[in-house]
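Bear in mind these aren't lab numbers, they're just calculated from the coordinates by the rules spelled out. All values derive from a computational prediction rather than experimental measurement. A quick note on method: Cβ atoms are made from the backbone with ideal geometry, for glycine too, and the neighbour counts reach across all protein chains shown.
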Amino acid sequence: MNEFDDIRIFAGSTGKAFAQRMVDTLKIPLGRSDLRQFSDGNLFVRVGETVRGKDVFLVQPIALKPNDEFTEILFWLDAFQRASARSVTAILPYFGYAKGDKKDEPRVSIRARVCAESMELAGADRVVCMDLHSPQIQGFFKRPVDHLYAQPILEEFIRRLDLHRPVLVSPDLGFLKQTRRFAESLGYPMAVGEKIRRGHDEKAEVLEIMGDVEGRDCVVTDDFTISGGTLADLARGLRERGARRLLAVLSHNLIRPEGVVRLENAGYEQIICTDSVDNPHVAGHKLFHIVSVAPLFAETVARIHSKESVSSLFESRNPDILKSCLDTEL
């Protein structure tokens, strides 16, 4: 009897590649399911096998098509509950609505809270996500949340690079704490850009760069990019201050085609990102190097199922998981 016989991992429409890497790691089959979209736009989901008494895990990022992807998640959660699953866990490699985490102006919705409550009402017993835009979003859920970190895996990739006098660069003061964790672990100095965002158009202006970057290989760290605007503006400022090489490390990559062109022209040597979002705009592109975090999620599923600690994954470097992630072929 396989230790994972009571586990069933299913994939939403945009989580198939990621879920397949997870089940390949665990050496179990991917759950059978059926999704249809009718001509009027309505979605239909159907579980293709029995899940009665099983621990079910649904893999679906809320990313490039957030409204469709989120709606689909709700239907899947409801279907699993009605099929008498023992537990249902929503695995969100990227939780796009995490950006809507506060009421920072009059008459706006706190979208992350609405999503959290909706998923719980639809049947989620647990949520697993990675590198939330704001960690306090975990408090919007009444059910357990396992918050995973890409940092150890991305750090290991950076260690393998041949860098000359490297410096880690935070794109703004808001990401400074995360960049500091990278810098302390790697033993690199830091620099930080100061930017201002004047509206909701995803455009930000870099005003100043604080720190020594002249003659150094600069590694910009950020949680995600959509338009590539901040990274491009920062690259311009770093070059003006004498940066030697430019690289960037992202937890999530949601970049659009126009953003790809923007970064191609910005002078970056390489953009390193995870596979949390199955983004067709970067697949096979020589500028982007994608590192898989699916083995990390697979290990998390195994630990949840066996009632082991998940937080201990990040208390020390786990060489087996790091190797599995960096060696996964995409």
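So, in nm, how far is label residue 38 from label residue 265 when the simple model puts each one 7 Å beyond its Cα toward the Cβ?
In this crude label model, residue 38 to residue 265 measures out at 4.5 nm.
When the C-alpha atoms of the chain are aligned to their principal axes, what extent does each axis show, in angstrom, from largest down?
Computed over the chain, the largest-to-smallest principal extents equal 61, 47, 34 Å.
Treat each spin label as a single point 7 Å out from the Cα along the C-beta direction, and report the residue 136 to residue 102 distance in nm.
About 0.6 nm separates the two model spin labels.
Using DSSP to define loop residues, name the GluC sites (Glu not before Pro) in region 297-330 whose beta-carbon has at most 13 other beta-carbon atoms within 10 Å. Walk me through the numbers on the way to the answer.
Details: sites: 299, 308, 315, 329; in loops: 308, 315, 329.
When the GluC sites (Glu not before Pro) of region 297-330 are filtered for loop state and at most 13 Cβ neighbours within 10 Å, 308, 315, 329 remain.
For the chain, take the longest principal axis of its alpha carbons; what is the angle in degrees between that and the long axis of helix 66-82, to the nearest 10 within 0 to 90?
30 degrees
To the nearest 500 deg cm²/dmol, what mean residue ellipticity at 222 nm is calculated for the chain from DSSP H runs of n ≥ 4 alone, each contributing -39,500 (n - 2.57), summed and divided by the residues? Display every interim value, and only then the final one.
Working: 9 runs with 101 residues, N = 330.
Calculated at 222 nm, the ellipticity per residue is -9500 deg cm²/dmol.
Rg and Dmax of region 1-105, Cα atoms, in Å?
14.6, 56
So which chymotrypsin sites (Phe, Trp or Tyr not before Pro) in region 90-119 pass both tests, a DSSP loop state and at most 10 other Cβ atoms within 10 Å of the Cβ? Could you put the intermediate results ahead of the total?
Details: sites: 94, 95, 97; in loops: 94.
The qualifying sites: there are none.
Testing the spin-label approximation: label points 7 Å from Cα along Cα→Cβ at residue 281 and residue 329. State their distance in nm.
2.9 nm
May I ask you to derive the FRET efficiency for residue 185 and residue 78 from their Cβ-Cβ distance with R0 = 45 Å, giving the value to the nearest 0.05? Spell out each step's value before the answer.
Numbers: r = 41 Å, r/R0 = 0.92.
So, using R0 = 45 Å, E works out to roughly 0.60.
Using bins 10 angstrom wide from zero, how does P(r) for region 151-291 break down, in % of all Cα pairs?
Distribution as computed: 12, 47, 36, 5 percent.
In this model, which of 27/99; 27/65; 65/102 are farther than 24 Å apart at the alpha-carbon? Mind dumping the intermediate values first?
On the way: 27/99 35 Å; 27/65 30 Å; 65/102 22 Å.
Listed pairs above 24 Å: 27/99; 27/65.
Sorting check: for 254-265, 133-144, which peptide has the highest mean count of neighbouring beta carbons within 10 Å, and how do the rest follow? Write out the running numbers ahead of the final one.
Values: 254-265: 17.3, 133-144: 15.5.
Going by the mean number of other Cβ atoms within 10 Å, highest first, we get 254-265, 133-144.
Could you tell me how many degrees, from 0 to 90 and to the nearest 10, lie between the Cα long axis of helix 111-122 and the main elongation axis, the longest principal axis, of the Cα atoms of the chain?
20 degrees
Once R0 is set to 25 Å, what does the formula 1/(1 + (r/R0)^6) return for the Cβ-Cβ distance between residue 20 and residue 312, expressed as a FRET efficiency to the nearest 0.05?
Working: r = 27 Å, r/R0 = 1.06.
According to the calculation, E is roughly 0.40.
Straight-line reach from residue 286: which lysines fall under 24 Å, measuring Cα to Cα and dropping same-chain residues less than 8 apart?
List returned: 16, 323.
Would you tally the net charge around residue 300, using a Cβ to Cβ cut-off of less than 13 Å, leaving residue 300 out, and scoring K and R as +1, D and E as -1?
On the way: positive: 126, 303, 307; negative: 55, 146, 299, 308.
Surrounding charge for residue 300 is -1.
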